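The values are calculated or read from the model by the stated rules, or taken from the named source; none is laboratory data. All of these numbers come straight from a predicted model, not from anything done at the bench. A quick note on method: Cβ atoms are made from the backbone with ideal geometry, for glycine too, and the neighbour counts reach across all protein chains shown.
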Amino acid sequence: MKKIWVLAKHNLKKEKGQYMAFGIILLMTALILNIALVLLFQMDKAYDKKFDELDTANVNVIVAGGKSQPVVEYNVNIDKETKTTEQFEIVEEAKITERLDEIEKEISQLENVEKVEVLEAIFLNAIVKDFRGTDFDMNTVFYNMDETHELNRLEIIREDKTEVKNPIYLPLYIAEFGQFDLGDTIVYQIEEEKVEFTVAGVVQEMQYGNLGNGIIGVYLPKETYTEFVKGREMCHVTVFSAQTKEQADSEKMMDSITSLLTDADESVLFSGYDRANKQVRTMVCNLLVVILAAFAVIVLLVSLLLCRERIQNRIEAEMTDMGVLKALGYTGNGIIAAMMLPYGIVGILTIVFGIGISYILLPVLVSVIQLQAGFWLTIGFDAIGALIVVVLLLGMVFFFTYFAARKIKKLQPIWAIRGISQGKISRKNVFALQTTKGNVHLLLAGKNMYAAARQNLLLFLVLFVLTILISFAGVLFYNVMVEPDNFMSTLAEESPDAVLTMNAEDGKGHKEVIENMEQVSNVLEYSIETVQLDKEEVPVFVCEDFNEVTNDLCYEGKNPENDDEIAIGNEIAQNGSYEIGDSITLTVEGKSASYKIVGFLQSVNYQGKLLELTKEGYEKICTENPYITLYVYLNEKEQTESFLELAEDNFEDGIVTTVNFYEKSKTSQELYAGIVQIVVLAVFLLTILIALLILFILIRSLLVQRRQELGIYKAIGYSNRQLMFQMAGSFLPTAFVAIFGSAVLGKFMMPTIYNGIFSMIGVMKHHCEISAGILLLFAGVLFVATFFISMVLSMPIKKISAYALIKE
Amino acid sequence: MQHKQKEKKAIITVKGLQKSFSTGEVEQVIINNLDLDIYEGDFTIIMGSSGAGKSTLMYALSGMDRPSGGRILFDGKDITEYKDDELAVFRRKNCGFVFQQIYLLEKMSLMDNVLTTGFLTGEKKNNVIKRAEDLFDKVNLPKITRKKNSSQISGGEAQRVGIVRALINRPKVVFADEPTGALNSNNSDAVLDVFSKVHEEGQSIIMVTHDKKTALRADRIIYLKDGKIFGECLLGNYQKEDVERTRKLNQFLEEMGW
Ligand SMILES: Nc1ncnc2c1ncn2[C@@H]1O[C@H](COP(=O)(O)OP(=O)(O)OP(=O)(O)O)[C@@H](O)[C@H]1O
Ligand SMILES: [Mg+2]
């Protein structure tokens, strides 16, 4: 053992640089892998833990109307000219109370229901002013937080108890992402009215979490709530929350609750269940885990290939020494152990170190993730993750080094001493100078390339994979930073630059005027309405001409073109098992019409629960629309603000509301841009670093191996520059083929990779563009970097004097 | 004779040459304040006991290694002042070197070993190839052997390849460090004849040898001892091995304590 230790120490000392490079790669692998594992293990656990801790309901369904609402019924006989509350007739209050109690009882009797709770709240679409610098409209549920409830409890994480006007408690997502601090004022614009609240606290809840579901809750202390409700009685809703029994399927539960409600003639405004919610909220985290895991695998592969290469190289270079050692009586296993030991030592140290560093980097990632997830994610040391990293990586290293070093056993001392190569190293004289045409330096580079075939193969593999990595990053970069519309339209719906809502009478005329304004490129009548489908309220996108929209949501079939055609969201299609060609009946305020399904739609925000109708189609069931909504597309997006000001001045009389949609989508884009920036930068640095390390190891070992040869070249009159070119040149063709080959292949492969990733988050069709230009650009940068790195790394050739060969 | 020698032009002039190696803490002086002229067109032979510093001197003269001190003028230019790449160009243009350990490039044929040097000067490839074939013929290296790889040949074959490589660019000075060490007498004679022929054509030769028979070919013999020129012997132009020449050499070597 002592002998082995001495040998191992000698090995370690002799090639410090090599082991260091190997160590750095291993460190990165451990780091990345550990981050991925910690996120994988802890995000899920933390989510479930918080979910249970706060007794979150598995299913939440919101229906219109509530006990304290003056109960009304739509009266068709009333004059339709003035659409006011007078249209509604107050029915007896007792009735609805009875009805809701009845339903609650029925729900609690459903199979698998553990517990039901009914809460009253106000639900409306409100625009949050100055949300990260823009106006952001969200479907918001305003709760009375002092009403006792056992499910969906809140956890107050920050609170300021000083007396303030209109205190409000915001969920983490709005507070953090919208940048609202305690004591700040948050302004909600509800229709034309502005309501101001003071942020008194920030809460964590697991019911809504983030806007991914298109809905979020805010919480008002009793007095604020009572004040807020005044005049908004019509917006009362009842939230049915149900906890399922262990193992029960919450999606099925949601379906049975909604059908129970719709059967009772209640109109369902929202329904959601835990799994879907979790998926939306952990999307970014899961994406990160996948990307990081892919990274870790690649980097690990590189490091293993390298360590194999290193050992083989060493065996070749030191065969004589090893033969002598054998002749002196060392056993094969002893020599192998001495070979492996340094890798083991370097391995353990760097893996542990890598795990350590990962815990320094994790908070940065976590801060991005929790912003999106909408809950406070505390990461603790993950012993299992660390154990997996250590065992897996060390195991792989030992396995690979052993396999590479195994040869030594078969080594006969006499072969080694006589320098008889056991390998099938070809003695072929490739690129024979006598017969091959061409520059002598190029030919010699060719000879070197052939001689270093194994190294070149390794380089090829590594660069090929690295190029896939940076191509991936490049495409992501392009679609999020350069052409953000591509990415955003994948996640969002139709995104104009400005939205104008006008009175119907004025709107028609104004539309033409706006169309002719010089900064305007297009104007579309487009609105999001609500219709009843199987007694459930479903959003419907109504547009005068779907051929002109910029974001085609349709992933199968086509958009509706005639008044009897409809396109439906994938969720609706699945639930009702509709096929293209089937017909479907919609109702608005008692009026119904039936439509033929011509296409399927996707939407991340609406989770596939949406419809598309042409304007004429919608008018079949709703003739009376007091408003007209115009989507305005500008030539210069940046001028949206000034356009809106101009419009407000010009059409003062007709305009009801305006939305700077451009700013709004920029805000949501920021959420992704931040993450993408981190990912792209990390991939890029990592790629270059790996390329650098691998070239370092390859060139360094070649320099050692070819020391004498280089000396001979120098002695017969080759200059340093010529030799450096020869050395670097022998890797460039490989690098070129690997990098550009991979980039070209990437053009065809990337769509598959992207489809896969997006389908993981429920996107059937994405709009990301696989731009050949960006692929070539990134590949070009990598190639140039490779060239310079190899030239710089070949520099030590200068230090080998012609005389050095005599010393050998 | 002495007089006649002086009329020759010195191609290499060495002044106060110093070379020492430090191995650990001990500094070992191998060449100590050595002065020497090598004349153009001369066949100079360096002799001395093993470890006397013959190879060390050759490496210094040919610009393979930098001396610790002193000056080496080649054609009047001080090569000790050259930068690395200038030295490389200098070697390429002026020196051919047959190494004691030969040092062929592995992984390529013998022919390519020679052409690797030959193609460096930018001369027409065909001319170089033709000259290489001629030289191979002259040193009796069969055609099939030339296609072999440097790791597949005998020591004597390797030595002859080393010689062809040294001569391929018709250097002003041919350095040869025991070029006949591994050759049998027949091949040794053939190789020496090549050197003599090259010498007749006007190239200068500096050769290290332990072999008296080889030494007889020299115009001038220099004996190295204790880091200095211990003595020298002028034999004059070589025609054939005559008794007088042999006697003179024997006497010189005896004086030197060889
Ligand atoms: N790089 C070196 N480091 C230390 N000592 C060296 C080095 N190179 C040569 N020497 C020493 O210098 C001395 C002269 O070596 P050199 O090779 O010149 O001898 P030589 O006269 O050619 O001998 P031989 O006839 O055996 O070839 C020797 O003692 C040798 O050990
Ligand atoms: Mg010697």
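Some notes on this structure:
- Checking each residue of the stretch B:22-32 against the condition of being under 11 Å from B:Asp226 (Cα atoms), within 13 Å of ligand 1 (Cβ to nearest atom), surrounded by fewer than 21 Cβ atoms within 10 Å (Cβ to Cβ) and away from chain A (no Cβ under 14 Å) gives at least one match.
- Inside the stretch B:160-194, residues that are closer than 16 Å to B:Ile102 by Cβ and at pLDDT 90 or above make up a count of 15.
- Flag if A:Leu172 is outside the structural domain of A:Val63 (by TED's automatic domain parsing) and surrounded by 22 or more Cβ atoms within 10 Å (Cβ to Cβ): no
- Per the listing A:Glu663, A:Glu579, A:Glu571, the residue uniquely at pLDDT 85 or above, of a type in the set (Asp, Glu) and not in a strand (DSSP E or B) is A:Glu579.
- Any hit, the stretch A:237-258, residues being in contact (Cβ under 8 Å) with a residue 24 or more places away in the chain, under 20 Å from A:Gln370 (Cα atoms), crowded, with 21+ Cβ neighbours inside 10 Å and of a type outside the set (Gly, Ala, Ser): no
- Qualifying residue in the stretch A:700-715 (condition: in contact with a strand residue (DSSP E or B) (Cβ under 8 Å, 6 or more places away or on another chain), hydrophobic (A, V, I, L, M, F, W, C) and either touching a residue at least 40 places away in the same chain (Cβ under 8 Å) or more than 8 Å from chain B (Cβ to nearest Cβ) (or both)): yes
Matching residues to (1) of a type in the set (Lys, Arg); (2) farther than 30 Å from A:Leu365 by Cα; (3) part of a strand (DSSP E or B):
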residue: A:Glu251; (1), (2), (3): no, yes, no
residue: A:Thr262; (1), (2), (3): no, yes, no
residue: A:Phe270; (1), (2), (3): no, yes, yes
residue: A:Gln279; (1), (2), (3): no, no, no
residue: A:Ala294; (1), (2), (3): no, no, no
residue: A:Leu301; (1), (2), (3): no, no, no
residue: A:Asn313; (1), (2), (3): no, yes, no
residue: A:Glu316; (1), (2), (3): no, yes, no
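- So A:Leu686, is it outside the structural domain of A:Gly133 (by TED's automatic domain parsing) and outside any helix (DSSP H, G or I): no
- Taken over the stretch B:194-248, the criterion of being without any contact (Cβ under 8 Å) to a residue 60 or more places away in the chain and within 16 Å of ligand 2 (Cβ to nearest atom) is satisfied by B:Asp211 alone.
- The stretch B:33-69, residues that are among the small types (Gly, Ala, Ser) and surrounded by 18 or more Cβ atoms within 10 Å (Cβ to Cβ): B:Gly48, B:Ala52, B:Gly53, B:Ser55, B:Ala60, B:Ser62, B:Gly63
- Identity of the residue in the stretch B:33-60, out of contact with any Phe, Trp or Tyr (no Cβ under 7 Å at 6 or more places or on another chain) and among the aliphatic types (A, V, I, L, M), that ends up nearest to ligand 1 (Cβ to nearest atom): B:Ala52
- Any hit, the stretch B:110-125, residues being part of a loop (DSSP other than H, G, I, E, B) and within 7 Å of chain A (Cβ to nearest Cβ): no
- Residues of the stretch A:259-270 that turn out to be in contact with a Lys or Arg (Cβ under 9 Å, 6 or more places away or on another chain) and surrounded by 17 or more Cβ atoms within 10 Å (Cβ to Cβ), as a count: 4
- Selection from the stretch A:585-610 of residues that are crowded, with 22+ Cβ neighbours inside 10 Å and of a type in the set (A, V, I, L, M): A:Leu586, A:Ile597, A:Leu601, A:Leu610
- Residues of the stretch B:164-189 classified as within 16 Å of ligand 2 (Cβ to nearest atom) and away from chain A (no Cβ under 13 Å), total: 6
- Restricting A:Glu619, A:Glu645, A:Glu624 to those that are within 24 Å of A:Phe136 (Cβ to Cβ) and among the charged types (D, E, K, R) reduces the list to A:Glu645.
- The stretch B:38-59 residues that are under 22 Å from A:Gly711 (Cα atoms) and in contact (Cβ under 8 Å) with a residue 40 or more places away in the chain, paired with ones that are basic (Lys, Arg) and within 9 Å of ligand 1 (Cβ to nearest atom) (beta carbon under 8 Å, 6 or more apart): B:Gly53/B:Lys19; B:Leu57/B:Lys19
- Within the stretch A:512-541, the residues that satisfy the criterion of being over 21 Å from A:Pro626 (Cα atoms), modelled with pLDDT under 90 and of a type in the set (A, V, I, L, M, F, W, C) are A:Met517, A:Leu533.
- Subset of the stretch B:64-90 [among the charged types (D, E, K, R) and either within 16 Å of ligand 1 (Cβ to nearest atom) or not in a loop (DSSP other than H, G, I, E, B) (or both)]: B:Asp65, B:Arg66, B:Arg71, B:Lys77, B:Asp78, B:Glu81, B:Asp84, B:Asp85, B:Glu86
- The condition of being polar (S, T, N, Q), free of Cβ contacts under 8 Å to residues at least 60 places away in the same chain, touching a helix residue (DSSP H, G or I) at 6+ places or on another chain (Cβ under 9 Å) and within 14 Å of chain B (Cβ to nearest Cβ) does not hold for A:Ser730.
- Matching residues, the stretch B:53-100, being within 16 Å of ligand 2 (Cβ to nearest atom) and more than 8 Å from chain A (Cβ to nearest Cβ): B:Gly53, B:Lys54, B:Thr56, B:Leu57, B:Met58, B:Ala60, B:Leu61, B:Ser62, B:Val98, B:Gln100
- In the set B:Val174, B:Val164, B:Val128, only one residue is away from ligand 1 (no atom under 16 Å from the Cβ), assigned to a helix (DSSP H, G or I) and in contact with a Gly (Cβ under 7 Å, 6 or more places away or on another chain); that residue is B:Val128.
- Residue match in the stretch B:1-19 (condition: more than 14 Å from every other protein chain (Cβ to nearest Cβ), within 16 Å of ligand 1 (Cβ to nearest atom) and surrounded by fewer than 21 Cβ atoms within 10 Å (Cβ to Cβ)): yes
- Members of the stretch B:179-207 that are part of a loop (DSSP other than H, G, I, E, B) and among the aliphatic types (A, V, I, L, M): B:Ala182, B:Leu183
- Some residue of the stretch B:214-236 being within 23 Å of B:Glu40 (Cα to Cα), within 14 Å of ligand 1 (Cβ to nearest atom) and over 18 Å from the mean Cα position of the chain (by Cα): yes
- Every residue from the stretch A:627-648 that is closer than 18 Å to A:Glu505 by Cα and in a helix (DSSP H, G or I): A:Ala647, A:Glu648
- For the stretch B:123-155, the set of residues classified as buried (at least 19 other Cβ atoms within 10 Å of the Cβ) and over 13 Å from B:Asn113 (Cα atoms) consists of B:Leu135, B:Val139, B:Leu141, listed by residue number.
- The set of residues in the stretch B:77-129 being among the small types (Gly, Ala, Ser), farther than 30 Å from B:Ile45 by Cβ and in contact with a strand residue (DSSP E or B) (Cβ under 9 Å, 6 or more places away or on another chain) consists of B:Ser109 alone.
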